[in-house]
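Contents: one structure, followed by commentary.
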Amino acid sequence: MSKLTVREAGADDLEAVVRLQREDVIREVREDDVPVAAYRAAFDEITADAHQQLLVGEVDGEVVATAQVTWIRRLTYVGGETGVVESVRVRSDLRGRGLGERLMRHVVDLARDRGAVRVELTTNARRDAARRFYERLGFAGSHVGMKLYLGPRSGGEA
């Protein structure tokens, strides 16, 4: 397998990113029937925001991985910046080949380059393999993450 190349997502990457997100089997809401175009406004807002990076990982020119990083300046750590990582995905048939590790190492390198004091993420409590993956990369379960799910943005039924 060729090397994973990580870059910021461009307008033509929307369909590939949504396809990777849809491979996720643990979600509050199924979105399989939502047209890809429905994501365009959010995609455009995310990619235009200087405090967010929507990353894609390519192998041989094909998008096979993605992650979103939001950079938050906090008063803790003397006003330090934190990178919050969400929506990490690797195409299901390519998992276990080191692509996720390369993607996450890229995220950590971005954080170091920015002078960030911390990179944090949450993973679904039912994802034992994902938790072990992040622990192998040095992440520690130091906090208890809590979420209040408010339902789909469209107001439809879950």
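The values are calculated or read from the model by the stated rules, or taken from the named source; none is laboratory data. Model, not experiment: these values are computed from the prediction. FYI the Cβ positions are ideal-geometry reconstructions off the backbone, even for glycines, and counts take in every protein chain you see. Each accessible area value is taken on the protein alone, full model and side chains, heavy atoms only, with ligands, DNA and RNA left out. Shrake-Rupley method; radii C 1.70, N 1.55, O 1.52, S 1.80 Å.
Quick notes
Condition check ((1) under 13 Å from the mean Cα position of the chain (by Cα); (2) modelled with pLDDT of 95 or more; (3) of a type in the set (Val, Ile, Thr)) across all residues:
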residue	(1), (2), (3)
44	no, yes, no
66	yes, yes, yes
77	no, no, no
82	no, yes, yes
107	yes, yes, yes
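- Evaluating residue 135 against the criteria (1) out of contact with any Gly (no Cβ under 9 Å at 6 or more places or on another chain); (2) at pLDDT 95 or above leaves one unmet condition, (1).
- Picking from residues in segment 130-144 that are of a type in the set (Gly, Ala, Ser) and in a loop (DSSP other than H, G, I, E, B), the one that is nearest to residue 102 (Cα to Cα) is 138.
- Within segment 1-33, being within 11 Å of residue 58 (Cα to Cα), among the acidic types (Asp, Glu) and modelled with pLDDT under 95 holds for no residue.
- Selection from segment 63-83 of residues that are open to solvent by less than 40 Å² (accessible area, probe 1.4 Å) and either touching a residue at least 60 places away in the same chain (Cβ under 8 Å) or not in a strand (DSSP E or B) (or both): 64, 65, 79, 80
- Some residue of segment 55-62 being within 20 Å of residue 104 (Cα to Cα) and assigned to a helix (DSSP H, G or I): no
- Unique residue being open to solvent by 70 Å² or more (accessible area, probe 1.4 Å), assigned to a helix (DSSP H, G or I) and without any contact (Cβ under 8 Å) to a residue 24 or more places away in the chain when the list is 42, 37, 50: 37
- Among the residues of segment 109-136, the ones that are within 17 Å of residue 56 (Cβ to Cβ) and either open to solvent by less than 30 Å² (accessible area, probe 1.4 Å) or aliphatic (A, V, I, L, M) (or both) come to 1 in all.
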